[in-house]
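Asker: Sharing a structure below in C-alpha cells format, with a few things to ask.
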Amino acid sequence: MAQYRNTSRRGNASDNKLLQLAKSVQARRIIAEITRKTDALTQKDIATWRRAWQMAINVETPRRAFLYDLYSDSLVDGHLTGCIEQRKSKTLGRPFRLLTSDGEEAPEATALFQREWFYDFLSLALDSVFWGHSLIELGEVLSDDKGLYFTSASLIPRKHVVPEYGVILRDPSDDIAQGIPYREGDYARWLVEVGKPDNLGLLIRCTPYYISKKNMGAYWDTFGEIFGMPMRIANTSATNKADIARIEQVMDNMGAAFWGVFPEDTKISFQESSRGDAYNVYDKRLDRCDKELSKIILSQTMTIDNGSSLSQSEVHLEIFESVCASDAKRLGYIINDRLLPLMAASGFPVSGLTFAWDYSDEMTDAEMREQERVILQYYDVDPEYFVRKYGVPIVGKRSNGLGFGEAGAGAGGEQEEQSTALAKDSDFFA
C-alpha cells in the first residue's frame, strides 16, 4: 500500500487539502506482484524471428517474450537507436501548456507537468510506437513547494503483459487464465495503457534488417581475418618434429616486429590476397539495411544520413516533421483522455484543463510578426507582451497606426512634396 507524505516546508491550506485527498486513495502496485526474468541473449536468425512472430500472433495463447528478446537484441544497433532517439527527441523537447476551457494557459497546472516523472511518462508512451504496447505505472503522490507530483513513471516489463487479454502474468510462463486484470479494479487507478492490444510495433519490421546487418558484419569480419592480411608461408627441409613444431609456434605468434630462429634451408614468404570486391559485397548490404531502418522509423533517410541536395533534404525534413507531429497528436489524446482523469482522481488540481502542445517556437520570425500584425488588427494587446519579447520600452500610444501623430501633422505636407519631387526625378531618369 502506498504512503503519501508532504515534503514541502511551506505548505498552504489548499496544498494540504489536495494532499489529504491524495491520501484517501489507496494504491496497489502491480510491479511488486511480478517476478523478473533475465532476457535471453542467444544467437538469432530469420527463422528465430519468424517463430517468435508466429507465437506473438497466436489467437488463443499469444506470447511475446521471444519476440521481445529479438527487439532487445536489435536495440544494440547504433543506427537503429539513433533513428529512434531522433524521432523521440523531437516530441520530448516540444514545449506544452495546460489550458482552461477559455483557451487561457494555467501556469500553475503547467508547472505540475514540468517534472521528471512526466518526461519519463512521455518517453515510455513514445516507446509504444516501436514496441507496440507500453503499460505505465505511476508512483506515489507526494507534495513539495511546486505542488503535487508522482514519484515515478515506470514501465511494467512487457514480457509479463498480455494486452490481448488485458492481464499481467506474475511469471512470463504462467497460464494466461492466472493473469491479473489491469484494466479494472484497484490496479487500474495507477496504470496508463498506451498502444493497441494487437500492435507489435515498428520493431517487427526492423528486426529482419538488423539480423541481416549483424550477420553481414560478422561475415565481413571473417573475410578480413582470412583475406585482410597476407598469408605467411614457411618452406623447410627439416624433418625433425621438434624443429617443425618450433616453426609452427613462431608462425602462429608472428606480430609486430616479429622474429624467429629457423632450421637451415627454411624460407618464409607472404602471399598477398587479390580479393577486392568486399566493399561491394558487404558494405553495400550494410548500407542498404541502414536505409531500410531509416525508412521504417523516420519514413525517410536524409535527416540522419547525408543528403544529395538541399531541395531533397527539405522534402525529407518535411516528412520527418509530419511523422513527429503525428506522434505529438497521439500523445495529446492519451494525456487528455487517460492521464488527466487519473491525476484528477488522485487529487491533482487539473479538472477541466486540457493539455496542448505549444508550436509558437517553431514559427519563423517573419511568420510570428505576421501573426502579431493580424492580431493587432482585431484585438487590443497588452504592451507588456512586446516589452518582454523585444525588450523595447513602450511609453505611450501613437495617435494613428501610420506613425504620424498630431504633432507631426504639419510635416505631412512637406513629406508629400518630397514624394512628388521624387516621382518627377524618376520620370526624368526614365
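The values are calculated or read from the model by the stated rules, or taken from the named source; none is laboratory data. No experiment lies behind these values; they were computed from the predicted model shown. Heads up, the Cβs are rebuilt from the backbone with ideal geometry, glycines too, and the neighbour counts pull from every protein chain shown. These accessible areas exclude ligands, DNA and RNA; they are computed on the full protein's heavy atoms, side chains included. Shrake-Rupley method; radii C 1.70, N 1.55, O 1.52, S 1.80 Å.
Asker: I need a count of the residues in region 306-330 that are surrounded by 18 or more Cβ atoms within 10 Å (Cβ to Cβ) and farther than 13 Å from Lys90 by Cα.
Answerer: Result for region 306-330: 1.
Asker: So, one more: When Gln371 is evaluated against the numbered criteria (1) open to solvent by less than 70 Å² (accessible area, probe 1.4 Å); (2) at pLDDT 65 or above, which criterion, by number, is the only one it fails?
Answerer: (1)
Asker: Identify, by number, the condition in (1) open to solvent by 40 Å² or more (accessible area, probe 1.4 Å); (2) out of contact with any strand residue (DSSP E or B) (no Cβ under 9 Å at 6 or more places or on another chain); (3) of a type outside the set (A, V, I, L, M) that Pro172 doesn't meet.
Answerer: Pro172 satisfies every listed condition except (1).
Asker: Among the residues of region 180-188, is any open to solvent by 30 Å² or more (accessible area, probe 1.4 Å), more than 19 Å from the chain's Cα centre (by Cα), in contact (Cβ under 8 Å) with a residue 40 or more places away in the chain and more than 24 Å from Gly332 (Cα to Cα)?
Answerer: Looking for residues that are open to solvent by 30 Å² or more (accessible area, probe 1.4 Å), more than 19 Å from the chain's Cα centre (by Cα), in contact (Cβ under 8 Å) with a residue 40 or more places away in the chain and more than 24 Å from Gly332 (Cα to Cα), one finds at least one in region 180-188, hence yes.
Asker: Of all residues in region 84-122, how many are among the polar types (S, T, N, Q) and surrounded by 17 or more Cβ atoms within 10 Å (Cβ to Cβ)? Even if it seems obvious, please write down each step before you answer.
Answerer: Filtering region 84-122 down to residues among the polar types (S, T, N, Q) leaves 86, 89, 91, 100-101, 110, 114.
The next check asks that each one be surrounded by 17 or more Cβ atoms within 10 Å (Cβ to Cβ); those that pass are 91, 110.
Summing the residues that are among the polar types (S, T, N, Q) and surrounded by 17 or more Cβ atoms within 10 Å (Cβ to Cβ) in region 84-122 gives 2.
Asker: Still on this structure, I have one more. Would you check if Gly93 is over 22 Å from Gly195 (Cα atoms), of a type outside the set (A, V, I, L, M, F, W, C) and without any contact (Cβ under 8 Å) to a residue 12 or more places away in the chain?
Answerer: Criteria not met by Gly93.
Asker: Take the residues in region 141-153 that are surrounded by 18 or more Cβ atoms within 10 Å (Cβ to Cβ) and of a type in the set (Ser, Thr, Tyr); name whichever of them is farthest from the chain's Cα centre (by Cα).
Answerer: Here the answer is Ser143.
Asker: Could you check region 239-261 and list, in sequence order, the residues that are at pLDDT below 70 and either among the acidic types (Asp, Glu) or open to solvent by 60 Å² or more (accessible area, probe 1.4 Å) (or both)?
Answerer: Those that are at pLDDT below 70 and either among the acidic types (Asp, Glu) or open to solvent by 60 Å² or more (accessible area, probe 1.4 Å) (or both): Ala256, Ala257, Phe258, Trp259, Val261.
Conditions (1) at pLDDT 85 or above; (2) assigned to a helix (DSSP H, G or I); (3) aliphatic (A, V, I, L, M); (4) buried (at least 16 other Cβ atoms within 10 Å of the Cβ), marked per residue:
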| site | (1), (2), (3), (4) |
| --- | --- |
| Ser269 | no, no, no, no |
| Ser274 | no, no, no, no |
| Asn280 | no, yes, no, no |
| Asp290 | yes, yes, no, yes |
| Ser294 | yes, yes, no, yes |
